């Protein structure tokens, strides 16, 4: 095994097969095929799905999920979960909206404070998990409930109601919206700017994972934290940084949603954490850690968004929505598995 | 090995075919409706191939909104138009459902405004596309500013006041008002109204409509914690029924009133365990907007003259419960 890289660089025939092999080994290959299948399926059975405005619609649904799925994938590759990530988006949205509307802060300043809250939540999650060795599932579930309670309780105390409204009158709203929530006209369709953020986050995460030393650390701590530590990987710091990345990015996504809707409900975001995890898993992340990809998670979110809006375009009875969604996701995952298995056979 | 691979492959194909088959089924249904309309819907004059999208803030399986959907479906059948019904309690998802309806180039949109600000942008898109909008249920104050031609619903504060007054008449002095959707402004307004109408102590209690059993526990606990509570106002029929069990479980003497009807609520009113229900006749909130949209498109008519078209409040008490019971069982009240 150790001599393989040397052989590859010296022998061009091995190099060619190496690239094919590497392509087939990529965790996101299955998700890409799944995404294509879902796209073709809905583009065939509905008129609106493949129209520019239809595409903008499902991209809009997929983008916030995609941004979160990518960072959640990093955390999962690092061997941990974050169940508080969904509610964290609402917490950040409420922080921004409350500070801007009730206390007259500039939206950008409010956003900065929300980022600090995100960093702090991630720090607490990470430190508790690393110090106690408790499963992150339990620790972040606790944080999930804490944030859910704070969201409702604090919002009611400060505003006397359960919605924070009127963010569009706050100072700095227009410029913040232009960065985080506006739409750009492409081919006659209004594409949400979050779609470009999603692409950017995916590219950055892919670069970090595959081309940098922290990227190696993430794979190492997810594979085996003890083994990683013994070869000098700062395992605890890597995990804490991952938790902080997830909740800080959740703060960004929450701000995006708040700016877009100009209001935030105190009960928003609950249940989203599972959508993030589902998207990451469809994209090839292992629940056990050590394996996965950012592009795959982004594709997983794309499948989720396409299925969600595609069912609406298809006009299927909404009482059965969750059944359709569940079956489509299962199918996409099975297709993903099938493609990966085939790829493994072909590698030989 | 070969055989297992074949069966596996076959299983995969079967799975792949399943949603297709399901889709085909629903597709056939649509086709049947369309066919029926072409033959039977000629009486209304003009073309009847309209498609209207109803987008609400309710998740599927909600007893109240099921009746709204039944109303919209019945109107679709009566008028020979097509109606789609979608809903999501997450504001961003509801907004995307409106966007989807606009992309789909529907002829009219009916939308509930639990969170009016979040609907501003997608509804502006609908207006820009020339799609008429009717708002239903809550959100009457914002309806016109969002470009709706009419609002069909119930003024929440007034309905709450009415409930408070009736409870005061029944001797209630210390009331809990059970809020089942933490983000819904209309529910807060009902409790405010009830506070004004009762003229006594009112405490708001937060529960989750997606966990009715948990809601029952919460209500029971607060009744046990404060035995002086002599009234429970539920804002949803399922919660109303849960409150009956909670009051029994706590051994409390509290009187119960609820907003909105279901078959269970009506029978509870008949046997006296629920005092009354505030009825906003939500069937009309499904039915009337479809009629209004068709009239608007065919004849450029609007109703209400800028004022909301009120569907409530009416009160269902022991006296008129029997009449309403049958209708509630049929899913139209």
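All of the numbers you see were taken from the coordinates with simple rules; none came from a lab. Keep in mind the model is a prediction, meaning the values are calculated, not measured. Positions of Cβ are generated from backbone atoms using ideal geometry, with glycine treated the same way; all protein chains shown enter the neighbour counts.
Odds and ends about this structure:
- Highest-fluctuation residue, A:54, A:283, A:104 considered, GNM on chain A with Cα pairs under 10 Å: A:104
- Bridge orientation summary for the protein assembly as shown: considering DSSP beta bridges with both residues in this region, about 20 percent are antiparallel.
- Separation of alpha-carbon centers, the range A:99-167 and the range A:200-251, rounded to whole Å: 23
- Look at where the Cα atoms of the range B:75-115 and of the range A:32-67 average out, and the two centres are 19 Å apart.
- Proportion of all alpha-carbon pairs of chain A beyond 34 Å (%): 29
- Beta bridges per DSSP with both ends in chain B, % antiparallel, nearest 5: 10
- Equivalent ellipsoid semi-axes - Cα gyration tensor, chain B, angstrom: 37, 27, 19
- Global form of the range B:164-222, assessed from the alpha-carbon gyration tensor, a/c cut-off 1.5: oblate
- Point-to-point label distance, residue A:169-residue A:216, nm (Cα→Cβ direction, 7 Å offset): 5.6
- Rg and Dmax over the alpha-carbon atoms of the range B:164-276 stand at 12.4, 33 Å.
- In terms of its C-alpha gyration tensor, the range B:72-160 comes out oblate, because a/c is 1.5 or above while a/b does not outweigh b/c.
- By the count of other C-beta atoms within 10 Å, a proxy for reagent exposure, A:291, A:276, A:187, A:111 are ordered fewest to most as A:187, A:291, A:111, A:276.
- Intensity falloff of the protein assembly as shown expressed as log10 I(q)/I(0), Debye formula with alpha-carbon point scatterers, at q = 0.05, 0.08, 0.12 Å⁻¹: -0.26, -0.67, -1.36
- Between A:159, A:132, A:101, the Gaussian network model of chain A with springs among Cα atoms under 10 angstrom shows the greatest mean-square fluctuation at A:132.
- Between the Cα long axis of helix A:52-77 and the first principal axis of chain A there is an angle of about 70°, rounded to the nearest 10.
- Gap separating the Cα centres of the range A:272-348 and the range B:267-333, nearest whole Å: 42
- Order of A:28, B:156 under a 10 Å beta carbon neighbour criterion, fewest first: A:28, B:156
- Volume per residue of the convex hull around the Cα atoms, evaluated for the range A:285-340, comes out as 84 Å³.
- Ranked by how many other Cβ atoms sit within 10 Å of their own Cβ, fewest first, the residues A:191, A:208, B:67 fall in the order A:208, A:191, B:67.
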